[in-house]
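Okay, structure first, notes after.
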Amino acid sequence: MRHLLAVSTLAALAALPAAAVRAQTPGAAARDGLVVSSAWLAQHVSDPDLVLLHVGAKATYDAGHIAGARLVTLRDVMADATATSLTLEMPAADVLHDRLAALGISDRSRIVVYQSDDQWTQSTRVMLTLDYAGLSNVSWLDGGQKAWTKAGRPLSTDVPAVKPGSLAPLKPRAVVVDADFVKAHLGTPAFAIVDARLPAFYDGSRTGGRAPAEHKTGHVAGALSAPFDSFISADVELKPADEIAAVFTKAGVKPGDTVIGYCHIGQQATAMLFAARTLGYKVVLYDGSFEDWSKRDLPVDGPKK
């Protein structure tokens, strides 16, 4: 993971750009800065600087999307398979810059990300990628396309013509870390290593990965558990702040902790980290996640006997 920023100390996190810190300010302002409603989008969908990103399957996009939206898949925001031995990793900054510019993203863009197909973890991976890229004016549409249509608003099958954006070279933020960072912060005060996988994987009753590359059984030694699906309703809308906070409190995350998130490959964890950001927590993603941890044969807490 040569493209990752070297982040190994609390001082490095404290040095996050001011915009990144503001995006994680505690209180209601954190959620307000990260989440918009379908009513808000309806009022701003024609704004000249708005870039609307539809995250989901091409078939769903072709069947109908919010007018003006550009289709984004994980392949658009991940490293090419030839550049990594892991399933999902952040691309190099110059590669990511060109892909974002091709979507029409400019320095002054107001970006709104929404999901279709109820796959909110893909949309939160896009959100974290945009944060990594140093883009600040980015929000997630609560409830995604379903919320838009539930409110009686129309979809379109027209594919917009996209003019490449005018985007300065990226200045990546320190929101992606590696195994060395996780190892260095095992049991460290003010840091919480949080497993976002479903409980069966955390407790070791199921093992992730696929033959012949199964993951280790259990979880990163000392990690807490906050499953990614704990934070949304059946309609893929964010739960109220107090319910989200209760999940983190139950897991053992303390106020002021920096949340280090991981999952199987680095997708589900972005949903948990997004929920944490709405509460004002500072967050970082262990890119490669348990797939990488397993390949390195690093310590785990296995099933209780």
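Summarising the label geometry, the points placed 7 Å from Cα in the beta-carbon direction at K250 and K295 lie 3.4 nm from one another.
Note on the chain: Cα convex hull, mean projected area over all directions, 15.4 nm². Of all aspartates and glutamates in the structure, those lying under 16 Å Cα to Cα from K216, and not within fewer than 8 positions of it along the same chain, are D195, D203, E291, D292, D297, D301.
Cross-link partners for K282 among the lysines, with Cα-Cα distance under 19 Å and sequence neighbours closer than 8 places in the same chain left out: K171, K183, K250, K254. Of the listed residues M78, M127, the order by accessible area with a 1.4 Å probe, largest first, is M78, M127. Using C-alpha pairs below 8 Å separated by at least 6 residues, the relative contact order for the stretch 134-270 is 28 percent. Taking 0.36 nm per residue of sequence separation and removing the Cα-Cα distance, the L74/L186 pair yields an extension gain of 37.3 nm. Once R0 is set to 35 Å, what does the formula 1/(1 + (r/R0)^6) return for the Cβ-Cβ distance between E214 and L50, expressed as a FRET efficiency to the nearest 0.05? The calculated FRET efficiency here is 0.20.
Fully extending the segment from Q43 to K163 would add 40.9 nm, taking 0.36 nm per residue of separation and subtracting the current Cα-Cα distance. The Cα atoms of the stretch 184-240 give a gyration tensor whose axes a ≥ b ≥ c have a/c of 1.5 or more with a/b no greater than b/c, which makes the shape oblate.
Cα to Cα, under 22 Å, and not fewer than 8 places away if on the same chain: which lysines meet these conditions relative to K150? Straight-line reach from K150, under 22 Å: K58, K239.
In the chain, the longest principal axis of the Cα atoms and the axis of helix 268-278 are about 70 degrees apart. Distance from the Cα centroid of the stretch 207-271 to that of the stretch 49-126 is 22 Å (rounded to whole angstrom).
For L52, the solvent-accessible surface with a 1.4 Å probe is about 0 Å², rounded to the nearest 10. Comparing mean-square fluctuations of L135, L88, L74 from a GNM of the chain with C-alpha springs under 10 Å, the top value falls on L74. Evaluated with a Cβ-only charge set (Lys, Arg +1; Asp, Glu -1), the stretch 157-305 carries a dipole of roughly 300 debye about its Cα centre, given to the nearest 20. Ranking D47, D178 from most to least accessible surface, computed with a 1.4 Å probe over the protein chains only, gives D47, D178.
The values are calculated or read from the model by the stated rules, or taken from the named source; none is laboratory data. Keep in mind the model is a prediction, meaning the values are calculated, not measured. Using ideal geometry, Cβ is built from the backbone for each residue, glycine included, and neighbour counts are taken over all protein chains shown. Only protein heavy atoms, including side chains, enter the accessible area calculation; ligands, DNA and RNA are left aside. Shrake-Rupley method; radii C 1.70, N 1.55, O 1.52, S 1.80 Å.
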